[in-house]
Amino acid sequence: QVQLVESGGGLVQAGGSLRLSCAASGTVFSPNVMGWYRQAPGKQRELVAVITSVGRINYADSVKGRFTVSRDNAKNTVYLQMNSLKPEDTGVYYCWLNYNSNVWGQGTQVTVSS
């Protein structure tokens, strides 16, 4: 059974940067999609950025130009480089993998102070 383990969250001031990582353990078949969702307090979970196993990328409009998603297929790992962070980026960031079904990570907290 595939599991996702995230790392890299934390507290940062507005304008700062953070890098999230998510490694999938177990056998991951291709094609697949990996990426990141986030959930702010009192709000629904929303897509941040996703990337397919052949490199197609989709970003939420709110993060375009600031966030960069990438992946290492050999390591079954996806990354999210977050620059120019804003307080509204605060939330729990969840790693996501889809090939036959949806797999979610446990979430990592990102807090951006103003």
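The values are calculated or read from the model by the stated rules, or taken from the named source; none is laboratory data. Since the model is a prediction, treat every value here as computed from it, not as a measurement. Note that each Cβ is placed from the backbone with ideal geometry, even for glycine, and that neighbours are counted across all protein chains shown. Ligands, DNA and RNA are excluded from the accessible area calculation, which covers all protein heavy atoms including side chains. Shrake-Rupley method; radii C 1.70, N 1.55, O 1.52, S 1.80 Å.
Given contacts defined as C-alpha pairs under 8 Å and at least six residues apart, what's the relative contact order of the chain, whole-number percent? Working shown, then result.
Values: 280 pairs, mean separation 41.4, N = 114.
Over the chain, the number comes to 36 percent.
Considering only protein heavy atoms and a probe of 1.4 Å, how much of the accessible area of the range 33-81 is carbon and sulfur, as a whole percent?
Numbers: 1260 of 2680 Å².
Roughly 47 percent, rounded to a whole number.
Please give me the summed charge of the neighbours of residue 88: other residues whose Cβ is under 12 Å from its Cβ, Lys and Arg +1, Asp and Glu -1.
Values: positive: 38, 43, 66, 86; negative: 46, 89.
Result for the local shell: +2.
Need one value: the accessible area of residue 27 in square angstrom, 1.4 angstrom probe, rounded to the nearest 10.
90 Å²
With every protein chain left in place, what is the accessible area of residue 75 in Å² (1.4 Å probe, nearest 10)?
The accessible area of residue 75 comes to roughly 130 Å².
Evaluate the distance, in nm, between pseudo-label points positioned 7 Å from the Cα of residue 27 and of residue 84 along their respective Cα→Cβ axes.
Calculated label separation equals 4.4 nm.
Can you compute the modelled spin-label distance between residue 47 and residue 98, with each label point 7 Å from Cα toward Cβ, in nm?
The two pseudo-label positions are separated by 0.7 nm.
What Kirkwood hydrodynamic radius, in Å, does the range 2-109 give when the mean of 1/r is taken over all pairs of distinct Cα atoms and then inverted?
13.8 Å
R0 = 22 Å: FRET efficiency of residue 14 with residue 61, Cβ-based, nearest 0.05?
0.70
How charged is the neighbourhood of residue 32? Take every other residue with its Cβ under 12 Å from the Cβ of residue 32, and add Lys/Arg as +1 and Asp/Glu as -1. Don't skip to the answer; put the middle values down first.
Working: positive: 56, 71; negative: none.
It works out to a net charge of +2.
Put +1 on the Cβ of every Lys and Arg and -1 on every Asp and Glu Cβ in the range 23-86; which of 58, 77, 26 then has its Cα farthest towards the positive end of the dipole?
Result: 58.
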